[in-house]
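The values are calculated or read from the model by the stated rules, or taken from the named source; none is laboratory data. Because the structure is a prediction, the values reported are computed rather than measured. Here the Cβ is made from the backbone with ideal geometry for all residues, glycine too, and neighbour counts use every protein chain on show.
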Amino acid sequence: MSWRIYGYAEYGIYLLSKFQDVQFDYSKQKELFIQSLKQYITDKVSVDFDIDDKVKFKNKLFELVNKLDKGIDNYSLSCLNFETTYY
């Protein structure tokens with residue numbers, strides 16, 4: 001799947017250029033996506049016995065999710081679009 005990401009990104013750019021004028025509010029979808037990521041992290045970290053400091057590890061992952069949240073600025077190239085389309 002990792003090699004396909006390049007193709008998906010190129011296709012996303014194509015779609016963005018083709019439908020630039022189409023706008024809709026995706027903020028609720030983005031919010032739910034970020035919440036689901038944080039819940040997934042919380043669930044996985046809580047059952048992983050190989051992590052020494054679970055709180056520190058979870059907080060570090062949450063920082064990455066917060067960076068991702070700030071980086072999502074349109075729906076066409078967003079992770080939530082990728083995740084709902086290909087997973």
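Against the definition (loosely packed, with under 10 Cβ neighbours inside 10 Å and at pLDDT 80 or above), how does D73 come out, yes or no? The answer is no for D73. Take the residues in the stretch 31-61 that are surrounded by 14 or more Cβ atoms within 10 Å (Cβ to Cβ) and under 26 Å from G12 (Cβ atoms), then tell me which one is modelled with the lowest pLDDT. Ranking the qualifying residues of the stretch 31-61, first place goes to F33.
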